[in-house]
Structure formats: structure tokens, C-alpha cells
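Student: Next up is a structure, given as C-alpha cells.
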Amino acid sequence: MRNNNIGLWFVAPAFIAIVVFFFGPALAALIISFTDFDIYALADLKNLRFVGFKNYIELLQTPLFWKALSNTLFFVFVGGPLSMAASLGAAILLNSQAAKFKNLARTIFFAPVVTTLVATALVFKYLLHTKYGFLNFALSKFGIDPIDWLGDPKWAMPAIVLFVVWKSFGYNMVIFIAALQNVSSDLSDAAKIDGANAWQRFLNVTLPAIGPSILLVSIMTMTGFFQLFAEPYVMTQGGPAEQTVTVLYMMYEQGFKWWNLGNASAVAFVLFLFMLLMTIIQTKFASKQGVS
Amino acid sequence: MAKLELKNIKKSFGDAHILKGIDLDINDGEFVVFVGPSGCGKSTLLRLIAGLEAPTDGKILIDDSDVTEKEPIDRQIAMVFQSYALYPHLNVYDNMGFALKLAKTSSEEIDKKVKEAAKILNIEHLLQRKPKDLSGGQRQRVAIGRAIVRNPKIFLFDEPLSNLDAALRNKMRYEFARIGEQLATTIIYVTHDQVEAMTLADKIVVLNGGLISQAGKPMELYNNPQNRFVAEFIGNPKMNFLDAVIENKAQIKLFEGQILPVSSNGKSGAKIEIGIRPENIIIDDKSLIRAHVKFVEKHGGVVFAYVESANSKDTINIQLSHDTNIEIGQEIGIRFDAKNCYIFDESGNRI
């Protein structure tokens, strides 16, 4: 017992910090989501009323919420796999023995991760510019007419996906490189002797070996992508035609544009539930594949 | 079953010349052991035979057909790795059937072959387990099983017993001998342990510094080593070496001045080393070669005495019967018969 008590003292500082700065605000937000906390309540707490599930019910009846949810899901299910594929592809290329200038390539691929989001988003705005953008200039060389990337409702979200994949794949690439370097070369050799070609070796040796990393990266990517906000905020302000309004963007507008903090908290919790559900599905799928 | 020929095999990694010209014939059904210290190139040679590496120069022939450029699968070889290299996400059954599955063998055929191999190796009860749930010895058997099911022309084993503890190693060594007999196929086995080499091999190939030092039957190497390296490497405990000078054709002179009637065909005055195995040294207090006992190891059935003499750089190891009375610090005389001496010139060649 004595020893256990001493242990508690060591854990206490971190534990207290987590409770105060993590569970506390989360619990407060949960409570706020059941109130009509708005700018009047900020002025005087007497104006605060408990409204039960009203915020949630209203939210589910708001067309913009469904629009934002479908935009977000598009981003998660198109951008997420694309980002992971880019990370894994780059990692495999950089891990191959034939690769030259590995360190340089790694640095170049990782650089976007550490650059400022707003600055790079602005650069991309120019790259994607209808008249002067490099992308349209390059496409024109192939005889493709200019596309209004950020102004065309059809192209605005794909353009943001492109930007986010470019900005984020380097981080996961580093995780994948670390995982690939741990794949036993004996296993790969054994598979060669057993007659497996490069693709069969990838499926039967590499993929199972890096399974835990893939699970980690997929959960991190998914949760990160669900929280898309800054990119549309900087590049499109949710437009055109609300095509780039995401759930988090909607929460921001509700909370800090209209000061409906009760509504905003409800949005946050619905988003949280989606992310929780997706994480559970991913973990279940992974454990079925034998990844622990 | 197959015969294998290596013709002037060379392998370099950049400036590192690992193999410097290996010529070797391995006969059909032979159990050949490559043995040598770490870095001698024995594992590289095995990987070249397997097709996991390409030689820088030279040719590899299996049953007279040139396989130097061929993929591992086209050489009909199977290999067991030191780390076992079992696929961790597959159970024992699927591990053993993996190669057959890739070769699009029917599932009935796979089932038959896997169960057959499992029976030979006594692992029938483990087929549904994952590698992580197996002991070292069991994993070893599965790795061998994976090789057996493919019915290869040549088996390659890369230090298969190194990861096992001493007791299990002895047991598996016996198992290997049994499996080797049962399979009656060509086996190439790499090890750094000369005991494994002596006990398992039909033919031992001693490698040193990327060249074959000597190849031959185990007792041939033991009784008739061609150079100091083989003499020292083969035999446990190791051969003892004493400094000496050739006096004339019929005599040599030890460092302390004793003359021994050992004939040799070297030049008079040439510096040499004489090698004597521990079991060939006799304690004889009348002998002029004096030594101090530094350490005594009682193994039960046999006693080893480590003694120091002015003639040798290292301590001399003497094998004695278990009832010998010998104490640390005692001064003794030692002698040995001229017929048991091996003589090596300064460059280590037997003369």
C-alpha cells in the first residue's frame, strides 16, 4: 500500500494537468451543449438556460449541418486514403536500396509539415489561381482549359484535398519509414525463397509487419481530417456555395461569429461521436486483420 | 537430390571483398557443413547459392545447369534462417504451406504435404498456433517443416541452432542428423560451431578470409589439417601451439632449448610452430619441458589442466583422466610423441 501511495504522488502532476486542461474543458463543453449559452449569457450568467437536447435536435434539422457533414466525410474518405497512400508510397520508395539522395528527398517531403499553414495556404491560392496560377499554366500545356479551382463548387474541395495531402503526407511518411526499416530482411528473403514476387512480398511480409503503424496513422489521419478548418478558412471561407464548409468550420461560425456557444458545443460533440465511431470501426477492422 | 558446383565464386560489396574465389563440388545427397569464424564469408556463400545475392564473378551449377542468374524459386532450393523467419501473422500450417500456395498447388495437396512434414517433425499438435506462441525449438522445427514441404533439391541451413540454448542445441543437433538421414537429400549447413560441423557433416568446408582453407571429411580435417587455421579451428578443446626452430631434418629445438626428434623438411634455423592436441600431451615429471599449473577444470569424466611454459605464448591445455591428482601451482614436466606433432611454418602452412 505504501508503495502505491508514493506512485500516486509521481503521477499526480501529470494527472492533475490532464484533468484541469483536458477533461475539465471537455466536461464544461458537454454541459454548455445542453444550454443556450450565447452572447447574453456571456454578459450575465442569469440569461443561461438549460434547454436539454434542443441544440442537438435543431442541429440535426439544419440543412447546413448535413452539407458540412457531407463535405467533411468527402474530405475524410477521399483525402485520408490519398494522404496515407502518398505517405506509404513515398516511404517505400525512400526505403528501397536503389533510392538516391534519400536524406534530401526526405527533407523536401517533410518540409511542408513544418511550414506555417496560413503562409503555404496563400501560396497555394496563387498556384491555384484561375488566370495566373501555375497549375492552370501547366494544364494549358496539355491543352486543358483553365479551371477555377477555388471558385468552382465542383473543384473547391478537391483543391483543398490536394493542398492538405501535400502539406501532411510527410509526417506519416516518416512514421512509415521507421516501420519499414524494422521489417526483418530475413522475412523478405524467406518469401523470395518461397517464390513470392515483389507484390506478393509486399502483401504477405511488409503489410502485416507495418500493420500497427498503418492503424496508428489511419486513426491519426482520420481524426485530424475530421477537424478540417484552417485550410478552408484561409483559402475559401467555406465557399463557393458552401462547398467547403466543414463541421468544424460550422462550429467556428456558430461559436465565434454568432456567439451561439451552446450550439457550437453541440456541433463539437456530434463531431466527437463521429470520430469515436470511426476509431472503433478502424480498431475492430484492424484486429480482424490480426493487427494488435 | 542434386549436385552442386561452385566455380571461382567471388563476391564483393564495394571495396569489401568477401569471397575471393571459391571452387567446390558438392555431391548428390551429401551433408556439407560450411564452418569458419564470423566474417569468413560462409553466410554470404550460402546466400549466393540460394540466389538471394548475385556473385560478382563465377558460376553456380545445380545438376550441371547454370543457375547463376536464376531466381531463388527456379533453383529448387529451400532455406532455413537463423532467425527462423516465420511469417508472424500466419499460423504454423499456413507458414508451412505458403510456398505451395504461391505455386498454386491444390489445397488437398498442400494439406497432405504439410501434415506429412508435421509428422516427421512431431509438430502435428502445433499446426494452428501462431509463431509467437511457440518455443525456440518448436519454431526451429516449423522452419525446417517449411523447407521440407517444398521437396527441394538442396536444403540450405544458415546457423540454424545458434538461437537455441545449449541443452536444446544438443538435442536439435541429433534431430538434424536424423532429419538429414531421413530426407536423404543434399544439405548445406552453415555454422561457426566446429562441434556441429564435426558431428553432422559428411564433408566439412573450412572457410577463412573468403577462401576455402580446407575441405574434407571431419576426421580427415581433424587428423590431417593442412594449415594452422584448420588445426586450431577443428577440435574442442583447441590444439596447443609451441614455438620452435628447425635444428636439422630429423630434429627441432624448442624455445627453451630442448631437442625433439621430430622430422620435417623445412630449412635449418627456420622458425616454426608445433601443434599438439590436448589429449596427446602426457605428464612426465622426468621430462625437460617444465610447466606450471595455472588452472584445473574438472568436467567429471575428464580433467583439463591449463599450464604455462616458456615455450608457448598461450597456456597449454592438457587433457587428463578423471582420477589424475593435479593441483594449481604445481610444477610438472610434460612430453609428447613426435608422431602426434603437427608442424607449421611461419605463414601457417603445414610442413
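The values are calculated or read from the model by the stated rules, or taken from the named source; none is laboratory data. Computed from a predicted model, the values in this text were never measured in an experiment. Positions of Cβ are backbone-derived with ideal geometry, glycine not excepted, and every protein chain shown enters the neighbour counts. Note: areas computed on protein heavy atoms with side chains; ligands, DNA, RNA excluded. Shrake-Rupley method; radii C 1.70, N 1.55, O 1.52, S 1.80 Å.
Student: Could you work out what % of the accessible surface of chain A is carbon and sulfur, using a 1.4 angstrom probe and leaving DNA, RNA and ligands out of the count?
Tutor: Using a 1.4 Å probe with all protein chains present, chain A comes out at 71 percent carbon and sulfur.
Student: If I take every Cα pair under 8 Å that is 6 or more residues apart in chain B, average their sequence separation and divide by the length, what percent do I get for the relative contact order?
Tutor: 16 percent
Student: Can I ask one more? Efficiency by 1/(1 + (r/R0)^6): what FRET value for A:R49 and B:K104, r their Cβ-Cβ distance, R0 = 56 Å, to the nearest 0.05?
Tutor: The computed FRET efficiency comes out at 0.20.
Student: Would you work out the Kirkwood radius for chain B? I mean one over the mean of 1/r across all pairs of different Cα atoms, in Å.
Tutor: Kirkwood radius, chain B: 22.7 Å.
Student: For helix B:136-148, report the angle its Cα long axis makes with the longest principal axis of the Cα atoms of chain B; keep it between 0 and 90° and round to the nearest 10°.
Tutor: 60 degrees
Student: Give me the percent of DSSP beta bridges within chain B that run antiparallel, rounded to the nearest 5.
Tutor: Here the share of antiparallel DSSP bridges comes out near 75 percent.
Student: Using a 1.4 Å probe and counting only protein heavy atoms, how much accessible surface gets buried when B and A come together, both sides summed, in Å² to the nearest 100?
Tutor: Buried surface at the B/A interface: approximately 1500 Å².
Student: In region A:244-270, which residues have a backbone nitrogen under 12 Å from the label point lying 7 Å from A:L42's Cα in the Cα-to-Cβ direction?
Tutor: Under 12 Å, as judged by backbone N against the label point of A:L42, lie A:254-262 of region A:244-270.
Student: I want the local charge near B:S321. Using Cβ-Cβ distances under 13 Å, sum +1 for each Lys or Arg and -1 for each Asp or Glu among the other residues.
Tutor: -1
Student: Sticking with this structure for a sec: For A:I144, put the label point 7 Å out on the Cα→Cβ axis and report which residues of region A:105-129 keep their amide N under 19 Å from it.
Tutor: A:124-129
Student: If you don't mind, another one. Heavy atoms only, probe 1.4 angstrom, no DNA, RNA or ligands counted: give me A:D145, A:D152, B:D15 ranked by accessible area, highest first.
Tutor: B:D15, A:D145, A:D152
Student: Turning to a different aspect of this structure: Using per-residue counts of other Cβ atoms within 10 Å, averaged over each peptide, order A:233-245, B:277-289, A:16-28 from highest down.
Tutor: Peptide ranking by packing, descending: A:233-245, B:277-289, A:16-28.
Student: Roll a 1.4 Å probe over the protein chains and send me the accessible area per residue for the protein assembly as shown in Å².
Tutor: Result: 51 Å² per residue.
Student: Would you mind giving the mean number of other chain beta-carbons within 10 Å of the Cβ of each residue in B:94-101, as a whole number?
Tutor: Shielding by partners across B:94-101 averages 3.
Student: Which part of region B:214-246 falls in the paramagnetic zone of B:K267, meaning amide N under 13 Å from the point 7 Å along Cα-to-beta-carbon?
Tutor: Once the point is set 7 Å along Cα→Cβ of B:K267, B:246 turn out to lie under 13 Å by backbone N, inside region B:214-246.
Student: Taking only Cα atoms of the protein assembly as shown, what ratio of Rg to Rh do you get with Rh as the Kirkwood inverse-distance radius?
Tutor: Result: Rg/Rh = 1.17.
Student: Further, regarding this structure: Report the local net charge at B:N27: Lys and Arg +1, Asp and Glu -1, summed over other residues whose C-beta lies under 15 Å from its C-beta.
Tutor: Overall, the nearby charge balance is -4.
Student: Between B:K10 and A:L276, what is the label-to-label distance in nm when each label sits 7 Å out along the Cα-to-Cβ direction?
Tutor: A separation of 7.0 nm, rounded to one decimal place.
Student: Among B:67-73, A:181-187, A:44-50, how do they line up from the highest to the lowest mean number of other beta-carbon atoms within 10 Å?
Tutor: Ranked from most to least packed, the peptides come out as B:67-73, A:181-187, A:44-50.
Student: Across peptide A:197-205, how many C-beta atoms of other chains are within 10 Å of each residue C-beta, on average?
Tutor: 2
Student: With angles folded into 0 to 90 degrees, how steeply does helix B:166-183 sit against the dominant principal axis of chain B? Use alpha carbons for both and round to 10.
Tutor: Approximately 60 degrees, to the nearest ten.
Student: Turning to a different aspect of this structure: Let me have the 222 nm mean residue ellipticity of the protein assembly as shown computed from DSSP H runs of 4+ only, each contributing -39500 (n - 2.57), with the sum over all residues rounded to the nearest 500.
Tutor: Calculated from helices alone, the mean residue ellipticity at 222 nm is -13500 deg cm²/dmol.
Student: Take every Cα pair under 8 Å in chain A that's 6+ residues apart, average their separations, divide by the length, and report that relative contact order as a whole percent.
Tutor: It rounds to 27 percent for chain A.
Student: Another question, if that's okay. Describe numerically, in nm with one decimal, the distance between label points set 7 Å from Cα along Cα→Cβ at B:N248 and at B:K132.
Tutor: 7.7 nm
Student: Rounded, prolate or oblate for region A:53-288? Axes are the square roots of the Cα gyration tensor eigenvalues, ordered a ≥ b ≥ c, and the cut-off for rounded is a/c under 1.5.
Tutor: Oblate.
Student: With a length cut of 20 Å (Cα positions projected on each helix's long axis) and a Kyte-Doolittle mean of at least 1.0, go through chain A and give me the DSSP H helices that pass.
Tutor: Answer set is A:80-95, A:156-181, A:211-226, A:261-288.
Student: Quick check on region B:227-291: take the gyration tensor over C-alpha atoms, sort the square-rooted eigenvalues as a ≥ b ≥ c, and tell me if it's rounded (a/c under 1.5), prolate or oblate.
Tutor: Taking the square roots of the gyration eigenvalues as a ≥ b ≥ c, region B:227-291 is oblate.
Student: What distance in nm separates the two pseudo spin-label positions at A:F202 and B:K298, each 7 Å out from Cα along the beta-carbon direction?
Tutor: Using points 7 Å along Cα→Cβ, the separation is 6.6 nm.
Student: So what's the angle, to the nearest 10 degrees on a 0 to 90 scale, between helix B:92-102 and the longest Cα principal axis of chain B?
Tutor: Long axis of B:92-102 versus the principal axis of chain B: about 70 degrees.
Student: Further question: Provide the net charge surrounding B:S268, with neighbours chosen by a C-beta distance below 9 Å and charges set as Lys +1, Arg +1, Asp -1, Glu -1.
Tutor: Residues close to B:S268 contribute a combined charge of +1.
Student: Distance cut-off 25 Å, Cα to Cα: go down the list B:K11/B:K203; B:K171/B:K217; B:K217/B:K339; B:K115/B:K171; B:K42/B:K112 and report the pairs above it.
Tutor: B:K42/B:K112
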